[in-house]
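Taken together, the values in this text are just the output of simple stated rules run on the coordinates, not laboratory data. Please read these numbers as outputs of a predicted model, since none were measured by experiment. Neighbour counts are summed over all protein chains in view; Cβ atoms, including those assigned to glycine, are modelled from backbone coordinates with ideal geometry.
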């Protein structure tokens with residue numbers, strides 16, 4: 001695998017998932033979720049928790065020298081920024097609207113997803129006998 005492809009490979013799952021989010025956000029109408037309290041916010045939370053985990057994986061693979069806390073922060077910020085852009089995008093899609101509460105759910109999901117990925121990475125490092133700053137999977 002070439003150097004450029006090796007550096008890009010960890011980001012491909014995030015890019016693919018972001019493309020899926022964008023495609024769904026471009027739909028004027030999505031299938032209705034079951035009538036449950038806060039079901040829309042739960043969907044946003046889960047959707048962005050997944051993206052946060054994918055971003056954490058990419059950050060840890062790309063910059064193995066970063067501490068897990070910094071990797072978590074970068075992943076959560078990137079994911080939250082994508083959620084913000086997605087909410088702006090939805091404001092221009094007929095039949096959709098932009099909602100700050102959705103972005104809050106996105107950001108909380110991002111933090112939880114990135115945290116889960118970083119905790120899993122920390123456990124992997126401990127089993128392998130690596131120090132925290134050596135984030136090479």
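Does anyone have the angle between helix 100-128 and the longest principal axis of the chain? Alpha-carbon axes, 0 to 90°, nearest 10?
20 degrees
Calculated from the structure, Rg and Dmax of the Cα atoms in Å equals which of [x] 16.4, 53; [y] 27.4, 78; [z] 14.6, 50?
Matching the structure shown: [x].
With an 8 Å cut-off on Cα pairs and a minimum separation of 6 or more residues, tell me the relative contact order of region 43-137 in percent. Mind showing how you got there, number by number?
Values: 143 pairs, mean separation 44.4, N = 95.
Relative CO of region 43-137 lands at 47 percent.
Helix 12-25: angle to the longest alpha-carbon principal axis of the chain, degrees 0 to 90, nearest 10?
Taking the Cα atoms of the chain, the angle to 12-25 is about 10 degrees.
Estimate the FRET efficiency between residue 123 and residue 98 by the formula 1/(1 + (r/R0)^6), using the beta-carbon distance for r and 30 Å for R0, to the nearest 0.05. Please report the intermediate quantities before stating the final value.
Numbers: r = 38 Å, r/R0 = 1.27.
Approximately 0.20, to the nearest 0.05.
Full-extension gain between residue 25 and residue 9, please, as 0.36 nm times their residue separation minus the C-alpha to C-alpha distance. Display every interim value, and only then the final one.
Working: separation 16, 0.36 × 16 = 5.76 nm, distance 2.51 nm.
Full extension from residue 25 to residue 9 adds 3.3 nm.
Quickly work out the residue 39-to-residue 16 label distance, labels modelled 7 Å from Cα along the C-beta direction, and quote it in nm with one decimal.
For residue 16 paired with residue 39, the spin-label model returns 2.9 nm.
Compute the acute angle (0 to 90°) between the alpha-carbon long axis of helix 39-62 and the principal axis of greatest extent of the alpha-carbon atoms of the chain; round to the nearest 10°.
Roughly 30 degrees between the two axes.
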